[in-house]
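First the structure, in the form of structure tokens, and then the observations on it.
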Amino acid sequence: MSDRSLLSPTGVDVVFALLGAVAAASALMVVTTRQIVHAALWLVVSLGAVAGCYLVLTAEFVAWMQVLIYLGAVVVLLLFGMMLTRAPIGPSDDLTGTNRLVAFFASVAVTAVLGVLVVDAFGSTMIDVSGEPSSAAVMGEALFRYWVLPFEALSVLLLSALVGAIALSKPDEGA
Amino acid sequence: MTAPLVMVLIPAVAAFVGLLVGGMSRAAAGAIAVAGPLGALVVAGLLATEQPWTDPIVDTGFHGVLQPFPAATVVDGLAVSVALMVSFVATLVQIYSIGYMKAEPRYSSYAAFVSLFTAAMLAVVVAGDLLLLVVGWEVMGLCSYLLIGQNWERQEARRAAVKAFLVTKVGDIGFIVGIVVLIGATGTTLVPNAVQAASSDPTVATVASGLILLGVLGKSAQFPLHAWLPDAMAGPSPVSALIHAATMVAAGVYVVARFYPMFLAAPGVLTAMAVIACITMLGAAVISLVQSDLKRVLAWSTVSQLAYMVAALAVGSRDAAVFHLLSHAFFKALLFLAAGAIIHAVGSSALRDIGGLRRSMPVTFMTMTIGLLALVGVFPLAGFFSKESVLVAAEHAAAGDEVVAPWVGWLVLVVAVVTIAVTAAYAVRLWMLTWAGPRRGNGPIHEAPPVMYLPLVLLAVPTLLFGFTALDVSALPTWIQANATEPLGTPAALTPALVTIALSVVALLIGVGIGWRSRLPSAIGDGTSILARGLGVDAAYDWLVVRPFLVLVGWTTEFDQHVIQRTVSGVGSGTAATGGRLQRTQRGDVQRYVSTALTALIVAVVITLVTVAT
Amino acid sequence: MHLSLPLLLSVSLFGIGVYGLLVRRNAILVLMSVELMLNGVNVSLVAFDVFWAEALRAGQSLAIFVITIAAAEIGLGLAILLLLYRMRGSIAIDEATDLREDAA
């Protein structure tokens, strides 16, 4: 494996670039679309593409987690939320606020600074994606050997989030 | 050998104990007040009998406990003799005060300050370390302020206290700078070593002694820093006795005596001293002649007599100066205490209210007469011998036997003789106005109580007899120079010479004649002539110092009001205005907050990156 | 494969998320934008994990934790939004300005 510039792609590069382009483009749609339900659907596309990226990066387990949790749970939750808040069906003009210019410049600045940094630091660094994918077995071993304590702490966090969500949602006591 | 330190600490401790206990019992306060100086007197007496002192002269003292404290002391004839005088006079003043201050509500603090004053003076006397010397010197300044302002209900007393403090402080600035120069140039704080090192370098000697001379002028009330002393009469009479005889004014002369080899190495400074002393000597005596207040006459007389000591120092005779210092201390303390007795009896210090007291106050009459005779310099009283020794020293200098130029000796000699005449005149005038003639004013006059006239009698004894020490050619000089820490050559005789005796007798007779002419009460001025007001020195102060200072104060006030005040309120209102503007950004719009925070973050990151990259 | 490719994707997702976070009025859309930002971070975590390739699998483990926390966050966030909606009848984020400082 030798250093090559960005302009001499391999096959993996091309696949990743395509998936990434899909992810980024659909993410753009998420933040610009005028239909709120479409935003959720574009989010599905974007997150799915990201999952594909994980697969290319040999992070198999993370990819399936992404699909399961994000696509399966989060987006469904979001759709439920839209439904419960009576989100308008069809295009509406008031989804975007008035400070679009500020937001545009701020986000472009963030992106530019981070992008310049990344390219400057890792512009010619190569990674090896030909190895064994990080299957559930590999990740399980890593999680339960080295990350048990954070994992358990996280389970407590999830539990408290669950309890909190229920407490907040109960109509008589939450309000 | 810690005896000198013990001598200093006894009155100091008595002062603090007196402050603590004195409020509860007046008798206890009085006992403690007398015990402090008396203890110092006993220690000084013990030290005196031990002569020659076998221990090292410089003692670092307080090993271990207070090591950094500059406790080095000097024990030599000079220190012990002055210490004896100081503690003796202070003891008598304390005894006297018990009677004099009977009606004083703040007696305990008064007595404590007197004790502290004594302790500070003793510290100056035995100081073998320049820092200890400065400490004693400054504590004395503080005590003089407190005691002169004892009756602070009177505006006059407050003014006098502040004036004494400020005027002496002007000199003290020079003094402290001089001490610093001395330490810096010689690298030691031990007095004998520093003096010895400085006297071998004419430049250092001239600079240091010139600066120290400033402090001496302030403390010993020499022209042009003398104006505080007459005003210090606002303090109680015993305080005047203490300041004028034993402590404050003696400190200046003593310090010159202590640093004498260094002054001898600076003839220019000695010449300046001589000129200043001559101006002060004659000027103060003439002013004294026209005063209308009993204590003011004595005060100006002190200024004049101090000039004799300074003149003696200037013409190269330390022994004569110390001799006159000691004898003057005795008779001037006597005079002030006697004046206090008169004031106590009459209730006024104005000469127009006093007169014809001879029969009603016999003891005071006798002792004060002795004191006045000594002041004038009548044989065989102490003042005669000590003044003669000054004249002899001046004559030696005129003959070219000393470091100063002969003309300086001539100047001192002539002025001193003329001053003898003036001194005799004002003494006779004072005597006549006080004791002779008919009684002026109303009410019965009683002799002072024993607790007050006993100190008078005790002071009259050395006034009568101290002078005879000069008859033995070398007794006093040898004593003063015993174990001397400074090499001063063989002690010079202090016995009178025939020529000077003749001169002074003539002058004295002329003076008595002048004084006789002003014996009548009608000759009492109203104290408003320019002479009576001190030849306009106060007016000069006013023009040269006070008014420019007031202008400066005005500028400062303007600056404070217009610049500082405005700045402060500007900062205040600016902050409020900025806050009001910033308040408008707090609109509860989370997204705006986030974009602001992000922008700031990015700017910070970019700045950091650029800085790191370059 | 170039490391910069996933990193650039990560940066893009993050920046787009920032834009959405700043510009969207509907609180649910804001939550989606947050998800996008989290995903951007995740991509870089995974990419660096593959780059280092060590036994701890720190990057991927952290990515999983992030996903988990994101799920919890969405759950709680939606609960809060529902509460908000019930109280005010609207989840427009620029109308929830009760914490503003009124001009004195």
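Read-outs: derived from the displayed coordinates by stated rules, not from any lab. A quick note: this is a predicted structure, and the numbers were derived from the prediction, not measured. Glycine also receives a Cβ, built like all others from the backbone with ideal geometry; neighbour counts cover every protein chain displayed.
On a 0 to 90 degree scale, rounded to 10, what angle separates helix B:406-435 from the longest Cα axis of chain B? With both axes taken from Cα atoms, the answer is about 80 degrees. Per-residue shielding of A:35-44, expressed as the average number of other chain Cβ atoms within 10 Å of the residue Cβ, stands at 2.
The mean count of C-beta atoms from other chains within 10 Å of the C-beta of residues in C:81-88, rounded to a whole number, is 4. Which shape class applies to segment A:1-94: rounded if a/c is under 1.5, otherwise prolate when a/b exceeds b/c and oblate if not, where a ≥ b ≥ c are the square roots of the Cα gyration tensor eigenvalues? Because a/c hits 1.5 or more and a/b fails to exceed b/c, segment A:1-94 counts as oblate.
Can you list the DSSP H helices in chain A whose Cα atoms extend at least 27 Å along the helix axis and whose mean Kyte-Doolittle hydropathy is -0.5 or higher? Span-like helices here: A:11-32, A:36-56, A:100-122, A:148-169. Given the Cα atoms of chain B, and with Rh set as the inverse mean 1/r over their pairs in the Kirkwood sense, what is Rg to Rh to two decimals? Rounded to two decimals, Rg over Rh is 1.12. Compute the Cα gyration tensor for segment B:145-301, then decide on rounded, prolate or oblate, letting a ≥ b ≥ c be the square roots of its eigenvalues: rounded whenever a/c is under 1.5, prolate when a/b is larger than b/c in the other cases, and oblate in all that remain. It is prolate, given that a/c is not under 1.5 and a/b is the larger ratio.
At q = 0.05, 0.08 Å⁻¹, what is the base-10 log of I(q)/I(0) for the protein assembly as shown according to the Debye formula with one equal point scatterer per Cα and no solvent? Please give it to two decimals. Scattering profile of the protein assembly as shown, log10 relative to I(0): -0.55, -0.69.
Each peptide among C:73-82, C:26-35 gets the average number of other Cβ atoms lying within 10 Å of its residues, and from highest to lowest they stand as C:26-35, C:73-82. Given an 8 Å cut-off on Cα distances and at least 6 residues of separation, report the relative contact order of segment B:288-387 as a percent. Averaging sequence separation for qualifying contacts and normalising by length gives 28 percent for segment B:288-387. For segment A:135-175, just say rounded, prolate or oblate: build the C-alpha gyration tensor, square-root its eigenvalues into a ≥ b ≥ c, call rounded for a/c under 1.5, and beyond that prolate if a/b exceeds b/c, oblate if not. It comes out prolate by the Cα gyration axes.
Measuring nothing but how far apart in sequence close Cα pairs (under 8 Å, 6+ apart) lie, relative to its length, segment C:7-93 scores a relative contact order of 30 percent. Each of B:T434, B:T469, B:T611 was scored by other Cβ atoms within 10 Å of its Cβ. Arranged with the fewest first, they read B:T611, B:T469, B:T434. Segment C:11-85: percent of C-alpha pairs farther apart than 17 Å? Percentage above 17 Å: 51. Descending by average beta-carbon neighbour count within 10 Å, the peptides B:224-232, B:165-173 line up as B:224-232, B:165-173, the highest first.
Annotation: amide H of C:R24 within the under-5 Å range of A:G97, sequence separation 5 or more or interchain, hydrogens built in the peptide plane. Averaged over the residues of peptide A:65-77, the number of Cβ atoms from other protein chains lying within 10 Å of each residue's Cβ is 4.
Let me know the whole percent of all Cα-Cα pairs from chain A that are separated by more than 26 Å. Taking all Cα-Cα pairs of chain A, the fraction more than 26 Å apart is 52 percent. Note on B:R154 and A:Y146: their simple-model spin labels are 9.5 nm apart, each label 7 Å out from Cα toward Cβ. Taking the longest Cα principal axis of chain B as reference, the axis of helix B:248-258 is set at about 90 degrees. With the simple spin-label model, which puts each label point 7 Å out from Cα in the Cβ direction, the B:V606 to A:T10 separation comes to 3.7 nm. Where only DSSP H runs of four or more residues are counted, the protein assembly as shown gives -23500 deg cm²/dmol as its mean residue ellipticity at 222 nm, each run worth -39500 (n - 2.57). Seen against the Cα atoms of chain B and their longest principal axis, helix B:382-398 is set at about 80 degrees. The alpha carbon radius of gyration of segment A:105-175, expressed as a multiple of 2.2 N^0.38 Å, is 1.91.
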